Amino acid sequence: MRILLLAAAAAVTALSGCATAVILPPADEAAAPGCAAVVVSLPEELGDGSLPQPLERRSTTAQGAAAFGDPSAVTLRCGMPEPAPSTARCITLGEVDWIEVAAEEDVWTFVSYGRSPATEVVIDTDVVSAVTALEGVSSAVARTELTGACS
């Protein structure tokens, strides 16, 4: 599913010839006040100097969402269901714990853990490393309510 989201975003951009809004389905709780705080706090670009050029933020068709790169290499959707305790790999970047929920080829998906509302980040690791992408959005996601932490 996540590969389809990134592929659809790339196809829309390729057909239009310019950076149009990225089509994303909204998360179930995208209208939560915490999601507004996340979206307004996101950076205008992602990159730590390891990329040839930073990934610029683009508009999306969904509330509580963001995309970076043209075509989109990183998508973010706030308002996802909070993940249950898990034995999945958990990494901490900044003040946010992230659970890896899927890795399909070069597209990895992470969901914030112990945060309400939860935020999903889908990353094309052929373009940007997962650490670079998650570090770039973690300070914004840290604005959501802390409800737990990875053990």
* Once the Cα atoms of helix 2-16 and of the chain are each reduced to a long axis, what angle between those two axes, in degrees from 0 to 90 to the nearest 10, is obtained? -> 30
* **Computed [θ] at 222 nm, helices only, for the chain once each DSSP H run of length n ≥ 4 contributes -39500 (n - 2.57)** => -7500 deg cm²/dmol
* Asked: Label points 7 Å out from Cα along the Cβ direction at Ser151 and Glu44: separation in nm?
  -> 4.4
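If you stretched the chain out fully between Ala102 and Thr125, how much longer would it get, using 0.36 nm times the residue separation minus the C-alpha to C-alpha distance? Walk me through the intermediate numbers first.
Working: separation 23, 0.36 × 23 = 8.28 nm, distance 1.25 nm.
Going from the current span to full extension adds 7.0 nm.
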* Structure fact -> Final fewest-first order of Ile99, Ile91, Ile123 on the 10 Å Cβ neighbour count is Ile91, Ile99, Ile123
* **GluC sites (Glu not before Pro) within the stretch 81-151, DSSP loop, no more than 11 other Cβ atoms inside 10 Å** => Glu105
* To do: Using 0.36 nm per residue of separation minus the Cα-Cα distance, give me the extension gain between Leu51 and Asp28 in nm, one decimal.
  => 5.0 nm
* Identify which of Ala102, Ala130, Ala67 has the largest mean-square fluctuation in a Gaussian network model of the chain, with springs joining Cα atoms closer than 10 Å. => Ala102
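A short reminder: the numbers here are calculations on the coordinates, not readings from a lab. Note that the structure is a prediction, hence the values are computed from the model and not measured. A quick note on method: Cβ atoms are made from the backbone with ideal geometry, for glycine too, and the neighbour counts reach across all protein chains shown.
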